[in-house]
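Taking it in order: structure first as structure tokens, then the write-up.
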Amino acid sequence: MSAIAPRNIRAALIGSEVADFDSEYRRTMAEAAETLDLSPVLSMLTRWQRVVLSTRDDPDAHRHMLAAAARLNAGDAVATESWQETKARLGL
């Protein structure tokens, strides 16, 4: 994705991310209209573009990450591994 286009970002999101994007986009655009500063809009779009890249590369892994984050936010235990274990598993 070469250009940061809100329509393209939104079209590539999955699940509840679409509603989260819509809400944040509207809020950030309203703030920009009041402050006459587009910097927060560009920052927000750049962050969501990273979400799209994560989703595009491996949608199943992205869904798994979202589910793990939801479990952590709910206070549930989530299996983790140390950075050393991760590096060894990935051959780094």
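Derivation of every value follows stated rules applied to the coordinates shown; laboratory data play no part. Keep in mind it's a predicted model, so treat the numbers as computed, not measured. Note that we place each Cβ from the backbone using ideal geometry, even for glycine, and neighbour counts take in every protein chain shown.
List of remarks:
- Every listed requirement among (1) under 16 Å from residue 62 (Cβ atoms); (2) in contact with a helix residue (DSSP H, G or I) (Cβ under 8 Å, 6 or more places away or on another chain); (3) hydroxyl-bearing (Ser, Thr, Tyr) is met by residue 25 save one, (1).
- Remark: residue 56 falls outside the filter, which requires a residue to be of a type in the set (Lys, Arg), over 13 Å from the mean Cα position of the chain (by Cα) and within 23 Å of residue 5 (Cα to Cα).
- Residue in the stretch 45-59 that is small (Gly, Ala, Ser), surrounded by 10 or more Cβ atoms within 10 Å (Cβ to Cβ), without any contact (Cβ under 8 Å) to a residue 12 or more places away in the chain and closer than 13 Å to residue 17 by Cβ present: yes
- Taking the stretch 72-87 as the range and being of a type in the set (S, T, N, Q) and surrounded by 10 or more Cβ atoms within 10 Å (Cβ to Cβ) as the test, only 86 passes.
- Out of 89, 56, one residue alone is assigned to a helix (DSSP H, G or I) and over 25 Å from residue 25 (Cβ atoms). It is 89.
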